1. Which residue, of P205, P218, is open to solvent by less than 40 Å² (accessible area, probe 1.4 Å), within 16 Å of the ligand (Cβ to nearest atom), touching a residue at least 40 places away in the same chain (Cβ under 8 Å) and under 29 Å from the mean Cα position of the chain (by Cα)?
2. Exactly one condition in (1) open to solvent by less than 10 Å² (accessible area, probe 1.4 Å); (2) not basic (K, R); (3) not in a helix (DSSP H, G or I) is not met by D156; state its number.
3. Considering only residues that are within 20 Å of Q270 (Cα to Cα) and among the hydroxyl-bearing types (S, T, Y), look in segment 294-352 and name the one that is least open to solvent (accessible area, probe 1.4 Å).
4. Return the pairs, sorted by first residue and then second, in which the second residue is buried (at least 18 other Cβ atoms within 10 Å of the Cβ) and in a helix (DSSP H, G or I), the first residue lies in segment 85-99 and is touching a residue at least 60 places away in the same chain (Cβ under 8 Å), the beta carbons are less than 8 Å apart, and the residues are 6+ apart or on different chains.
5. Quick test of your reading of the structure: E177 fulfils all but one of (1) among the acidic types (D, E); (2) open to solvent by 60 Å² or more (accessible area, probe 1.4 Å); (3) within 16 Å of the ligand (Cβ to nearest atom). Name the failing condition by number.
6. State whether one or more residues within segment 227-236 are surrounded by 19 or more Cβ atoms within 10 Å (Cβ to Cβ) and under 24 Å from the mean Cα position of the chain (by Cα).
7. Do we have any residue at all in segment 30-40 that's open to solvent by 30 Å² or more (accessible area, probe 1.4 Å), within 18 Å of E188 (Cα to Cα) and in a loop (DSSP other than H, G, I, E, B)?
Amino acid sequence: MNYQYTKQFRQALVQWFLEEQRDLPWRRTKEPYQIWVSEVMLQQTRVDTVIPYYNRFIEKYPTAESLAYSPEEELLKMWEGLGYYSRVRNLQAGVREVVEVYGGKVPDNRVDISKLKGVGPYTAGAILSIAYGKPEHAVDGNVMRVLSRVLNIDADIALPKTKKVFEQAVTELIDHENASAFNQGLMELGALICTPTSPKCLLCPVRDYCTAFHEGDPSSLPVKTKKLKTKNIEYDVYIIRDQQGRFLMEKRPDAGLLANMWQFIMIERQADENSLTKVQKQYNVTLEHNSKETILSFSHVFSHLKWHIDSYLVDAVETNANPENTAYFTKEQIANLPMPVPMLKIWGKINA
Ligand code: SF4
């Protein structure tokens, strides 16, 4: 955006915000502590839900000092129903730091405010711009949506590093005379006009400066790759030891997750079957059931997959022909096999 456009964009946004903003309780104050409380409450929570909580909270704890040492049980009760309870614990810890280190005054610069517990880049920027009028970025989902459309930014907002792109954009665009109205204007525009689906472009105060509007497809922005749901699988892992002290291992298929790596015998746990019996049939082995010894229970996370593992050491009394891709190995041989981390963990425990 060239200088002239930037100036006009700022003016249009700020003026619209000053005239059209919703009357919300935290907009009637410039008190940094109170702005802080509102920003923490608004994380992952709708404005309508937050209003009564905010009013009650500020009535009970109007200052940093009044919140700093209130009993945790009382605090949790005030927060009850808002969820994400670590937010209020962090808020109190941060506020206590303000009281103890900064004499009750919330720091007015990004370096110090960012050191406070629970204050991330967005909250820091929101407090600095709204309460202190500093030209600091405060980038949340609404801001990314609006600016991705105005500036035609197609970076994937699901990636954490993309936030920096938008922080940089706000730093370049922000109105130094009206930082509070500028930042809040972006957020308000995202909440009311430039909504995720069907943005109301015809009512938009910055339509003239919006690239996506002129190019005709605002709804295609921002780019956001879908988060895949994590799949959970429960496994019983058997470390089967034969009478020569060797261990039965299986090579994973040559494609897909952990391709070609070696693992102990892994059986997906099913409610209606005994995995040990299944092992005997599938791997041609007779096991000494009484020897079964629990080794380790743990979970291991892959990008979109979580294995929940219970592992056991068990002795084989009889072994027959090995099924394909399986073999018995000595300890020394195992040390040279490529094994996935969960197997190394189990092996480490056995050898500890
Ligand atoms: S013109 Fe449309 S797409 Fe562009 S900022 Fe306004 S509402 Fe969003």
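1. Working: P205 fails: under 29 Å from the mean Cα position of the chain (by Cα).
Residue meeting the stated conditions: P218.
2. Condition (1) is where D156 drops out.
3. S311
4. V95/Y33; V95/W36; V95/A64; V95/L67; V95/A68; V98/Y33; V98/A64; V98/A68
5. Exception for E177: condition (3).
6. The answer is no, given that none of the residues of segment 227-236 is surrounded by 19 or more Cβ atoms within 10 Å (Cβ to Cβ) and under 24 Å from the mean Cα position of the chain (by Cα).
7. Of all residues in segment 30-40, those open to solvent by 30 Å² or more (accessible area, probe 1.4 Å) come to 30-31, 34.
Checking which are within 18 Å of E188 (Cα to Cα) leaves us with 30.
Cutting the leftovers down to in a loop (DSSP other than H, G, I, E, B) gives us 30.
There is at least one residue in segment 30-40 that is open to solvent by 30 Å² or more (accessible area, probe 1.4 Å), within 18 Å of E188 (Cα to Cα) and in a loop (DSSP other than H, G, I, E, B).
Residues checked against (1) at pLDDT 95 or above; (2) assigned to a loop (DSSP other than H, G, I, E, B); (3) in contact with a Leu (Cβ under 6 Å, 6 or more places away or on another chain); (4) farther than 19 Å from L18 by Cα:
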| position | (1), (2), (3), (4) |
| --- | --- |
| K163 | yes, no, no, yes |
| E167 | yes, no, no, yes |
| E172 | yes, no, no, yes |
| E188 | yes, no, no, no |
| C194 | yes, yes, no, no |
| P199 | yes, yes, no, yes |
| H214 | no, no, no, yes |
| S219 | no, no, no, yes |
| K227 | no, yes, no, yes |
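The values are calculated or read from the model by the stated rules, or taken from the named source; none is laboratory data. Predicted model only: the values in this text are computed from it and were never measured. Every residue, glycine as well, gets a Cβ built from its backbone with ideal geometry; the counts of neighbours run over all protein chains shown. Heads up: the accessible areas ignore ligands, DNA and RNA and are worked out on the full protein's heavy atoms, side chains in. Shrake-Rupley method; radii C 1.70, N 1.55, O 1.52, S 1.80 Å.
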